[in-house]
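Here's the structure we're looking at; comments come further down.
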Amino acid sequence: MAVRPFIPYEDKRLHTAAEPVEQITETVRMIWDDMIETMEAMPGVGLAAPQIGIMMRLAVVDASDKRGQAVRMANPEVLHASVQMRRHDEASPNLPGIFATIERPRAVTVRFLNDQGEIEDRDFVGLWATSVQHQIDHLNGKTFVDHLSPLRRKMLVQKSAKLSKR
């Protein structure tokens, strides 16, 4: 297992949809292991493979209090989203030093291929739901700042770039 470096916001891979995973292999499991170690080192509550330059539809999420409860997902997709919304400050290691309050559905039902290679449907609520949706955005070539107005997005990206040069 290894902590992987994050690609910068400007990298086109961060703005490109990732490729579907056909089956769960030892390579996929090793990538998930590295992703969990990388997520823990941030520390964060989720990570998508494109954030570390791997263009596969892989994500991990662990919003548990005690940690060590990471859910490993391949090809996650939202099947159902609650009408009730939740606001949360979101950030990304690909845009260091900035955050924005994003409103997303409070609960989602997600279908994904789990670490056993089986299709699983699971409900996520609260921070878990926010993180899963954030990771799915990354898999679709979007970042949290894409939920903001163009002007606000530009200001935050410029601020992150200045902070990164320090």
Return yes when Arg72 is assigned to a strand (DSSP E or B), of a type outside the set (Asp, Glu), over 30 Å from Ala161 (Cβ atoms) and in contact with a Phe, Trp or Tyr (Cβ under 8 Å, 6 or more places away or on another chain) and no when it is not.
-> yes
Test Asp89 against the stated conditions and say whether it is within 23 Å of Ala41 (Cα to Cα) and free of Cβ contacts under 8 Å to residues at least 12 places away in the same chain.
-> no
When the range 110-123 is checked residue by residue, the ones that are loosely packed, with under 14 Cβ neighbours inside 10 Å and closer than 16 Å to Ala63 by Cβ are Asp123
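Table: residues versus (1) within 11 Å of the chain's Cα centre (by Cα); (2) modelled with pLDDT of 95 or more; (3) within 19 Å of Ala129 (Cβ to Cβ); (4) not in a loop (DSSP other than H, G, I, E, B).
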| site | (1), (2), (3), (4) |
| --- | --- |
| Val3 | no, no, no, no |
| Pro8 | no, no, no, no |
| Arg13 | no, yes, no, yes |
| Ala17 | no, yes, no, no |
| Thr27 | no, yes, no, yes |
| Met30 | no, yes, no, yes |
| Met39 | yes, yes, yes, yes |
| Pro50 | yes, yes, no, yes |
| Val60 | yes, yes, yes, yes |
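Quick grid of which residues meet (1) open to solvent by 70 Å² or more (accessible area, probe 1.4 Å); (2) of a type in the set (Asp, Glu); (3) touching a strand residue (DSSP E or B) at 6+ places or on another chain (Cβ under 7 Å); (4) on the phi < 0 side of the Ramachandran plot:
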| site | (1), (2), (3), (4) |
| --- | --- |
| Ile7 | no, no, no, yes |
| Glu10 | yes, yes, no, yes |
| Ala18 | no, no, yes, yes |
| Val21 | no, no, yes, yes |
| Thr25 | no, no, no, yes |
| Met30 | yes, no, no, yes |
| Asp34 | no, yes, no, yes |
Looking at (1) of a type in the set (Val, Ile, Thr); (2) closer than 20 Å to Thr130 by Cβ; (3) open to solvent by 20 Å² or more (accessible area, probe 1.4 Å); (4) within 13 Å of the chain's Cα centre (by Cα), find the lone condition where Ile54 falls short.
-> (2)
Can you tell me how many residues in the range 142-166 are open to solvent by less than 10 Å² (accessible area, probe 1.4 Å) and not aliphatic (A, V, I, L, M)?
-> 3
Report, by residue number, each residue of the range 75-109 that is of a type in the set (S, T, N, Q), in a strand (DSSP E or B) and surrounded by fewer than 18 Cβ atoms within 10 Å (Cβ to Cβ).
-> Thr101, Thr109
Answer yes if at least one residue in the range 124-136 is surrounded by fewer than 12 Cβ atoms within 10 Å (Cβ to Cβ), modelled with pLDDT of 95 or more and not acidic (Asp, Glu), and no otherwise.
-> no
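The values are calculated or read from the model by the stated rules, or taken from the named source; none is laboratory data. None of these values were measured; they are calculated from a predicted model. With ideal geometry, Cβ positions are generated from the backbone for all residues, glycine too; neighbour counts draw on all protein chains shown. Note: areas computed on protein heavy atoms with side chains; ligands, DNA, RNA excluded. Shrake-Rupley method; radii C 1.70, N 1.55, O 1.52, S 1.80 Å.
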